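Peer 1: Dumping the structure here so I can ask a few things about it.
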Amino acid sequence: MSSQKGNSSRSRPQKYKNRTAFKNNLHDTSNKTKMINALQIGDVCQRCKDIIEWKIKYKKYKPLTQPKKCVKCGNKAVKRAYNIMCLECAHKLAVCAKCGQSKDLVEQLPNEQEKIKLDEEMKALLKSLPERKRRTFIRYMNKKEENPEIDENSQKTDILDKLKSLKINDNDDEFDGLFSDESDFDGSCSDED
Ligand SMILES: [Zn+2]
Ligand SMILES: [Zn+2]
């Protein structure tokens with residue numbers, strides 16, 4: 001019985017168990033610890049992300065005091081601890097900035113607040129547009145979605161800019177002509193028969 005491997009249906013409970021999760025800021029509330037805890041780990045593979053997060057959690061993480069030399073371009077441009085190459089090289093080569101291998105890369109999550117802000121701004125602008133412009137915009141957005149190679153956040157900024165330009169050109173009917181596919185959509189003028 002004792003030689004049995006990987007018995008997943010063990011009936012005996014685990015003998016030693018932490019009653020509370022490990023807290024790395026229990027006795028240390030310094031700004032450095034706060035800063036390290038707030039780090040978003042990205043541009044690395046899942047395995048390296050786990051390693052770095054483990055270091056952060058158990059206070060083994062040592063931030064760089066000055067930029068390190070990148071193994072690819074040779075510039076002193078590595079700003080994140082444990083990374084071997086600068087972000088520019090990692091992005092260019094589409095590899096993990098820590099181990100240098102292209103594996104399941106973890107994407108840097110866009111700042112959550114930034115996202116919410118953009119969404120709200122967009123909604124408010126959309127509401128303020130007249131119906132006709134709104135439809136123009138929705139069409140523009142649908143077109144955008146057909147371009148998956150553009151990352152979501154820059155797409156949103158782009159869309160927001162478009163919205164703003166629509167808003168500015170609120171009273172300018174000629175503006176609609178800028179959209180190439182306006183022909184099938186002439187609203188109220190179509191009922192002349
Ligand atoms: Zn580099
Ligand atoms: Zn890696």
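The values are calculated or read from the model by the stated rules, or taken from the named source; none is laboratory data. Quick caveat: nothing in here was measured; it's all calculated off a predicted structure. Ideal geometry is used to build each Cβ from the backbone, glycine not excepted, and the neighbour counts take in all protein chains shown.
Peer 1: Does any residue of the stretch 46-53 turn out to be more than 16 Å from ligand 1 (Cβ to nearest atom), aliphatic (A, V, I, L, M) and modelled with pLDDT under 90?
Peer 2: Checked against the condition, which is being more than 16 Å from ligand 1 (Cβ to nearest atom), aliphatic (A, V, I, L, M) and modelled with pLDDT under 90, the stretch 46-53 yields no hits at all.
Peer 1: Restricting the search to the stretch 71-88, which residues are within 8 Å of ligand 1 (Cβ to nearest atom), touching a strand residue (DSSP E or B) at 6+ places or on another chain (Cβ under 8 Å) and either of a type in the set (A, V, I, L, M) or without any contact (Cβ under 8 Å) to a residue 12 or more places away in the chain (or both)?
Peer 2: Those that are within 8 Å of ligand 1 (Cβ to nearest atom), touching a strand residue (DSSP E or B) at 6+ places or on another chain (Cβ under 8 Å) and either of a type in the set (A, V, I, L, M) or without any contact (Cβ under 8 Å) to a residue 12 or more places away in the chain (or both): V78, M85.
Peer 1: Let me ask something additional. Given the condition in contact (Cβ under 8 Å) with a residue 24 or more places away in the chain and assigned to a loop (DSSP other than H, G, I, E, B), answer yes or no: does some residue in the stretch 89-96 qualify?
Peer 2: Here is the first cut: in the stretch 89-96, the residues in contact (Cβ under 8 Å) with a residue 24 or more places away in the chain are 90-91, 96.
From the residues that got through so far, the ones that are assigned to a loop (DSSP other than H, G, I, E, B) too are 96.
Looking through the stretch 89-96, at least one residue is in contact (Cβ under 8 Å) with a residue 24 or more places away in the chain and assigned to a loop (DSSP other than H, G, I, E, B).
Peer 1: Name every residue in the stretch 71-89 that is in contact with a helix residue (DSSP H, G or I) (Cβ under 7 Å, 6 or more places away or on another chain) and under 24 Å from N25 (Cα atoms), in order of residue number.
Peer 2: Y82
Peer 1: From the list K143, K117, which one is at pLDDT below 80, farther than 30 Å from K49 by Cβ, more than 16 Å from ligand 2 (Cβ to nearest atom) and not acidic (D, E)? Spell out the reasoning first.
Peer 2: Working: K117 fails: farther than 30 Å from K49 by Cβ.
Testing whether each residue is at pLDDT below 80, farther than 30 Å from K49 by Cβ, more than 16 Å from ligand 2 (Cβ to nearest atom) and not acidic (D, E) leaves just K143.
Peer 1: Confirm whether P148 is modelled with pLDDT under 90, more than 29 Å from T33 (Cβ to Cβ) and either assigned by TED's automatic domain parsing to the domain that holds D43 or in a loop (DSSP other than H, G, I, E, B) (or both). If you could, list the steps in order and put the result at the bottom.
Peer 2: Numbers: modelled with pLDDT under 90: yes; more than 29 Å from T33 (Cβ to Cβ): yes; either assigned by TED's automatic domain parsing to the domain that holds D43 or in a loop (DSSP other than H, G, I, E, B) (or both): yes.
Criteria met by P148.
Peer 1: Might you check whether a residue that is away from ligand 1 (no atom under 16 Å from the Cβ), in a helix (DSSP H, G or I) and loosely packed, with under 14 Cβ neighbours inside 10 Å occurs anywhere in the stretch 55-67? Don't jump to the end; show me each part of the working.
Peer 2: The initial filter retains those residues of the stretch 55-67 that are away from ligand 1 (no atom under 16 Å from the Cβ), namely 55-63, 65.
Restricting the remaining residues to those that are in a helix (DSSP H, G or I) gives 55-57.
If we keep only those that are loosely packed, with under 14 Cβ neighbours inside 10 Å as well, we get none.
Checked the stretch 55-67: no residue is away from ligand 1 (no atom under 16 Å from the Cβ), in a helix (DSSP H, G or I) and loosely packed, with under 14 Cβ neighbours inside 10 Å.
Peer 1: Applying the selection to the stretch 50-70, what residues are touching a helix residue (DSSP H, G or I) at 6+ places or on another chain (Cβ under 8 Å) and in contact (Cβ under 8 Å) with a residue 24 or more places away in the chain?
Peer 2: Matches in the stretch 50-70: I56, K59, Y61, P63.
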